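The values are calculated or read from the model by the stated rules, or taken from the named source; none is laboratory data. Bear in mind that the values here come from a model prediction, so they are computed numbers and not experimental data. In this analysis, Cβ positions are derived from the backbone assuming ideal geometry, glycine residues included, and neighbour counts consider all displayed protein chains.
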Amino acid sequence: MTSANDTQPAGAGRLYSLIWRWHFYAGLLCLPVFILLATTGGLYLFRDELAPLLEHDRLIAPSGPGAASLAPEALIARALAARPGRAIRFTPPSLPGRTAEVGIRGGEGPVTSVFLDPASGRVVGQVAENARPMVLISHIHSLAILGPGPNLLIEVVGGWAILLVASGVYLWLPRGRRSGVVTLRASPKRRVWWRDLHAVVGIFACVFLLFLAVTGMPWSGYWGHHYRVLINGWGLGTPAAVKPASVASDLALAASRAGSWTMDATRAQLSQQLAGQTLSLDRVMRIARERGVAAGYVIRLPDRPAGVFTVQRYPRQATGQRVLHIDRFSGKVLADVGFADYGPLARATELGIAIHTGGQFGRINQLLMAAACLAIIVMSLAGGVMWWRRRPSGRLGAPPAPPRGPLSLSLFALFALLLGLLFPLLGLSMVAALVVDRLLPPLFKTRFGV
């Protein structure tokens, strides 16, 4: 981000002026959202470490590790006695000394997570799923907390982030300079120090910033949906063993665990046998163990007479994802889907998401993404301080508009067209920004430095 008082490099022409001006506007408008995304994303990277601290009373069983567990059906009955409704899932303890969890839906309302000591069956806590700390942070990160509409803003901001990285690298190019390229000049008392901080952090972090912007797109409302439809149509997404859902399903995993971008939008199988004795959950868990499904899974309970048990395991590593659909009466495994069964583009997408959320490559992955989040915050604050300290009083202080001519308009239109083909909402927002910039009265621009 640059202010009107910055000195344009010698020899820079209309193209530089155009890129400089739009980098400034994009950065200024997106700065608050970047800080929000980086802060919430940075916290979510450490969800496994934070959840036991923030939900200690709910996640840690009073009986401790080693105590024998009650039958899952008994635990579900205790949970329903404390919270009437319909049990939709059962989560066995993921580790010794942890609680079991039952997800209960009351009517058409939100799901409540009920936590029980598996040895005694005592309810140790209950909370609305959306109110759990890590789920809340995730919903703030995606703006889903405000409803489906604001999620489109995330998609637009993600697109502008890609544009900001590309334009920022162009503006950073030394053009004969030696100072302020990879080092900081002066001190924090001077505007040039903040400019160098913004530029140097940006150039070292640009690859990570671009990666975060691109890999966050599949979860967006508009682009993510159409990308999923496209790759499924090409046979490169959803595994052949399951079918895509006609609408976004509500099968996303319970609290504090990320779901699967590929599998959460698929339909559950239907039982082939429509009568008989429903399997016990102990039998379902035994089938999962026999199939090699490691601990840390959730069991989705049948929701209709022909419904099935669905075992879902979505660890932090995308390569460990596993889903079983089990006939509720016969115990037959109707589908057994793992990461290797996904289409190539679905595998690439899942890997990108797992790296984005800091889980695929362990602690190094987690710390690298945390450093990228910190870099975004530092760059945003440095850009804001740089602009605020040097803007003329009562004026926006935007970089001067390049001379009007076919070159600037054609270049911008070309950028909008090319990026719009990949990210339609970004292209539309660029066109809207251009229209506003062109239609603003000259007197308004002169008065406020727009």
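Quick check on the stretch 223-246. Is at least one of its residues surrounded by fewer than 15 Cβ atoms within 10 Å (Cβ to Cβ) and among the polar types (S, T, N, Q)? Within the stretch 223-246, one or more residues are surrounded by fewer than 15 Cβ atoms within 10 Å (Cβ to Cβ) and among the polar types (S, T, N, Q). So which residues in the stretch 95-118 are out of contact with any helix residue (DSSP H, G or I) (no Cβ under 7 Å at 6 or more places or on another chain), outside any strand (DSSP E or B) and buried (at least 18 other Cβ atoms within 10 Å of the Cβ)? Once the filter is applied, which keeps residues that are out of contact with any helix residue (DSSP H, G or I) (no Cβ under 7 Å at 6 or more places or on another chain), outside any strand (DSSP E or B) and buried (at least 18 other Cβ atoms within 10 Å of the Cβ), the stretch 95-118 yields only ASP117.
To keep it simple, each residue is scored yes or no on (1) among the hydroxyl-bearing types (Ser, Thr, Tyr); (2) more than 17 Å from the chain's Cα centre (by Cα).
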position	(1), (2)
ALA340	no, yes
THR349	yes, no
ARG363	no, yes
ALA371	no, no
VAL385	no, yes
ARG390	no, yes
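Which of the residues that make up the stretch 186-239 are in contact (Cβ under 8 Å) with a residue 60 or more places away in the chain and either among the acidic types (Asp, Glu) or not in a helix (DSSP H, G or I) (or both)? Across the stretch 186-239, the qualifying residues are SER220, GLY221, TRP234, GLY235, LEU236, GLY237, THR238, PRO239.
If you check ILE76, ILE88, which single one turns out to be surrounded by 17 or more Cβ atoms within 10 Å (Cβ to Cβ), β-branched (Val, Ile, Thr) and either in contact with a Gly (Cβ under 7 Å, 6 or more places away or on another chain) or not in a helix (DSSP H, G or I) (or both)? Before the answer, list the steps.
On the way: ILE76 fails: either in contact with a Gly (Cβ under 7 Å, 6 or more places away or on another chain) or not in a helix (DSSP H, G or I) (or both).
From the options ILE76, ILE88, the qualifying one is ILE88.
When the stretch 138-155 is filtered for residues that are in a helix (DSSP H, G or I) and surrounded by fewer than 21 Cβ atoms within 10 Å (Cβ to Cβ), the ones remaining, listed by number, are HIS139, ILE140, ALA144, ILE145, LEU146, PRO148, GLY149, PRO150, ASN151, LEU152, LEU153. Checked against the criterion of being over 18 Å from ARG300 (Cβ atoms) and under 29 Å from the mean Cα position of the chain (by Cα), the candidates GLU55, GLU101 yield just one match: GLU55.
Could you say whether any residue in the stretch 38-51 is part of a loop (DSSP other than H, G, I, E, B) and among the polar types (S, T, N, Q)?
First, pick out the residues of the stretch 38-51 that are part of a loop (DSSP other than H, G, I, E, B): 46.
Now drop any that are not among the polar types (S, T, N, Q), which leaves none.
Looking through the stretch 38-51, none of the residues is part of a loop (DSSP other than H, G, I, E, B) and among the polar types (S, T, N, Q).
In the stretch 205-234, of all residues being at pLDDT below 90 and of a type in the set (Ser, Thr, Tyr), the one that is nearest to HIS141 (Cα to Cα) corresponds to SER220. Does the stretch 202-222 hold any residues that are farther than 17 Å from LEU422 by Cβ and either surrounded by fewer than 20 Cβ atoms within 10 Å (Cβ to Cβ) or out of contact with any helix residue (DSSP H, G or I) (no Cβ under 8 Å at 6 or more places or on another chain) (or both), and which are they? Answer for the stretch 202-222, where residues must be farther than 17 Å from LEU422 by Cβ and either surrounded by fewer than 20 Cβ atoms within 10 Å (Cβ to Cβ) or out of contact with any helix residue (DSSP H, G or I) (no Cβ under 8 Å at 6 or more places or on another chain) (or both): ILE203, PHE204, CYS206, VAL207, PHE208.
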